[in-house]
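Reviewing the structure listed below.
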Amino acid sequence: MTDAGFVLVGWVLTGVAVSGYRLRIGQRSRRARRSLADPAPPTRAP
Amino acid sequence: MPLTTPPPTTSTDARPEADAETGLLRPRVAMVLGVATLAALTALAILGLAVAPPDAVQGDAQRLMYLHVPAAWLAYLAFAVTAGASALWLWSRTRAATWDRLAGASAELGVLFTALTLVLGSLWGRPVWGVWWAWDARLVTTAVLFFLYVGYLALRRIPGPGRERRSAIAALIAFVDVPVVHFSVEWWRTLHQQGTVFNEELSAEIEGTMAFTLWFAVLAFTLLYVYLLDRRYRLGALEEGMERRELDAAIAERLAEAPGRAVEAAARAAETARRRAEADVEPVGGAPR
Amino acid sequence: MPTASSARPVSAPPASDSPASSRPADRAGLGLLREAGLVAGKDIRIELRARVLVFQIVPFGVVVILLFAFALDPDRGQLGRVAPGLFWVAVLLATLLAVSRASAVEAANGARDGLRLSCLDPGGIFLGKAAAIAVELLALEAVLTAAIAVLYDIDLAGAPLLVVAALGATASLAATGTLAGALTAGLRARETLVPVLLLPVVVPVMLGATRAWEAALDNTPSEGWPWAALLGLFAVLYAAVGMLAYGPLLED
């Protein structure tokens with residue numbers, strides 16, 4: 001693999017890791033907000 | 001939206017939060033920060049991949065430095081925040097749930113960026129020095145740092161009373177260990193007279209565009225850290241609220257069961273008595289089953 | 001019914017008329033060590049009756065030493081060079097077992113509540129528990145030293161350095177191990193959590209102990225004594241951390 005290859009892999013990996021993490025936080029936040037907004041109390045812990 | 005004030009949390013130490021979603025920053029500020037972070041990272045990509053010249057010795061591979069160095073900085077910053085927040089939690093005069101939440105959020109970010117640092121370091125080292133790994137103080141300490149805080153996160157996941165205290169103490173144990181690890185590994189390598197080539201990466205003279213890009217990268221990543229920290233903190237607050245609700249619901253359910261059983265028992269007793277009366281048999285012994 | 005695990009009320013240090021023990025600082029120091037001795041004695045007595053060390057932990061250690069010989073071909077002469085490292089890895093793994101065992105003993109019969117309700121200084125309790133583990137580890141190390149001398153054909157040179165380094169390393173492992181045990185007390189995931197927490201922390205101990213023993217066995221002890229000093233410092237550092245943290249941890 002050429003030098004450029006390593007550089008590309010590194011930058012892409014970083015981008016994927018950071019945005020993936022941000023998206024995951026967003027997903028869990030949405031789920032939590034939905035659960036808290038629900039007037040019916042949860043029956044069992046998931 | 002208004003939520004009912006939650007009953008006292010299972011940890012008797014922390015003050016209960018009235019609002020489920022609290023953040024470190026005001027929502028408007030957080031949004032602006034998010035936009036700024038995105039812009040800065042985009043600018044960094046342009047600078048780092050196109051504008052900055054390739055290194056005289058390392059060639060294009062050096063462009064990974066613009067990610068690896070800030071990631072390492074972020075990792076150590078994040079763990080310092082975790083240690084500070086843990087200390088604040090442990091000190092009774094400043095104890096509050098917010099510090100525990102902050103410690104956890106920052107540690108998670110720290111582990112993410114430590115992993116990134118290690119991977120980027122390998123990707124940088126391979127083309128430049130032909131090795132995926134080198135046993136020098138910085139790399140080994142970073143690897144140990146990773147495992148120290150993976151352990152911390154594992155401990156945090158375990159629910160129950162005293163969770164905040166356990167975690168806070170573990171964070172400080174880890175933090176105190178880091179300089180000891182660094183010193184002992186450094187001593188080990190210098191005694192073996194392994195002049196590691198990895199030392200060159202930061203002591204080399206970087207000037208002009210490259211230096212600017214590096215500092216810009218540190219700035220951009222710091223913005224990223226604050227932004228992600230606020231997000232993760234918020235999520236922590238939300239999930240704590242969710243846990244409290246589930247706990248309350250479970251308790252309420254348990255309480256509801258009790259009168260139900262009493263009603264059932266009474267119904268059974270009445271049925272038995274009725275059957276005996278119909279069969280014209282004197283109840284022997286008295287009490288129905 | 002806790003018997004050996006519940007503490008007898010500690011009598012106050014003798015309010016003697018002799019001037020030597022009349023200063024409050026002296027009395028406090030004596031009290032701490034005496035309390036540590038009480039707790040250590042209790043733990044060791046429990047161990048002597050249960051004999052987990054002798055029948056389980058020591059054999060474990062020797063088997064590990066054997067297994068390493070399968071991994072590294074004895075005929076190639078490598079075993080001698082890596083013997084110190086293998087020795088200390090075996091000791092570290094045994095420490096995990098010893099800590100797990102000590103935690104289990106505590107968890108049974110509400111012994112932790114007993115300790116909490118006793119008027120013993122938590123720092124003293126910590127020191128006592130760490131001391132008991134240290135004693136067990138030293139016994140193990142004696143056996144394993146003989147094992148590597150025999151199985152790996154090691155000439156035990158530089159005995160003073162070997163001993164001092166071993167004392168420092170053992171104290172470090174015992175202190176951090178007791179701390180890890182206290183952190184995970186009562187948790188169900190305890191057995192897998194202790195290694196994850198403990199192993200990264202004791203990296204400097206492994207480094208120092210191995211280097212010190214290498215220097216001793218290589219007949220270059222001057223290179224090893226600084227490492228032994230590092231081990232001593234590490235032990236003091238984490239003994240202090242443990243003494244500070246044990247009280248708060250006991251409360252939960």
The answer for chymotrypsin sites (Phe, Trp or Tyr not before Pro) in the range B:63-98 that fall in a DSSP coil and have at most 13 neighbouring Cβ atoms within 10 Å is B:TRP91
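Under the rule of -39500 (n - 2.57) per DSSP H run of 4 or more residues, summed and divided by the residues of chain C, what mean residue ellipticity at 222 nm is obtained, to the nearest 500 deg cm²/dmol?
Numbers: 9 runs with 191 residues, N = 252.
Result for chain C: -26500 deg cm²/dmol, rounded to the nearest 500.
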The range B:212-224 - phi-based ³J(HN,Hα) in whole Hz, Karplus 6.51/-1.76/1.60, Gly and Pro as x
4, 4, 5, 5, 4, 4, 4, 5, 4, 5, 5, 4, 4
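I need the peptides C:141-153, C:174-186, B:168-180, C:98-110 ranked by packing, meaning the mean over residues of other C-beta atoms within 10 angstrom, with the highest value on top.
Working: C:141-153: 16.8, C:174-186: 25.5, B:168-180: 22.2, C:98-110: 19.0.
The densest-packed peptide leads the list: C:174-186, B:168-180, C:98-110, C:141-153.
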Quick one: check the C-alpha center-to-center distance for the range C:161-195 versus the range B:128-197, whole angstrom.
17 Å
Just want the answer: with Cβ charges of +1 for Lys and Arg and -1 for Asp and Glu, which residue in A:VAL16, B:LEU214, C:THR210 is farthest toward the dipole's positive end in the protein assembly as shown?
A:VAL16
What average count of beta carbons from other chains do you get within 10 Å of the Cβ of residues in B:119-131?
3
Segment B:MET31-B:GLU186, extension gain: residue separation times 0.36 nm, minus the distance between their alpha carbons
51.5 nm
In sequence order, calculated HN-Hα J values of the range B:104-109 (Karplus, 6.51, -1.76, 1.60; Hz; x Gly/Pro):
x, 4, 5, 5, 5, 4
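With +1 assigned to the C-beta of every Lys and Arg and -1 to the C-beta of every Asp and Glu, and no other charges, what is the dipole magnitude of the range C:125-194 about the Cα centre in debye, to the nearest 20? If you can, show how the numbers build up before the last one.
Working: 3 positive and 5 negative charges, 87 e Å.
About 420 debye.
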Of the trypsin sites (Lys or Arg not before Pro) in the range B:60-144, those whose Cβ has at most 15 other Cβ within 10 Å and which sit in DSSP loop:
B:ARG93
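For the ranges C:166-172, B:44-50, A:6-12, C:50-56, what's the packing order if you count other beta-carbon atoms within 10 Å of each residue, average per peptide, and put the highest first? Don't skip to the answer; put the middle values down first.
Values: C:166-172: 24.9, B:44-50: 16.9, A:6-12: 18.9, C:50-56: 15.0.
The peptides rank, most packed first, as C:166-172, A:6-12, B:44-50, C:50-56.
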In sequence order, what are the phi-derived ³J(HN,Hα) couplings for the range C:146-154 according to the Karplus relation 6.51 cos²θ - 1.76 cosθ + 1.60 with θ = phi - 60°, rounded to whole Hz, with x for glycine and proline?
4, 4, 6, 4, 7, 6, 9, 6, 9
Test of understanding: ordering C:VAL91, C:VAL236 by Cβ neighbours within 10 Å, fewest first, what list do you get?
C:VAL236, C:VAL91
Given the C-alpha atoms of the range C:24-251, compute the convex hull and give its volume per residue in Å³.
121 Å³
Measure off 7 Å from each Cα along the Cα-to-Cβ vector at B:ALA87 and B:ARG157, then give the distance between these two points in nanometres to one decimal.
2.9 nm
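Throughout, read-outs are computed from the coordinates displayed, never taken from laboratory work. Here the structure is a predicted model, which is why all the values come from computation and not from measurement. Virtual Cβ from ideal backbone geometry, glycine too; neighbours counted across all protein chains shown.
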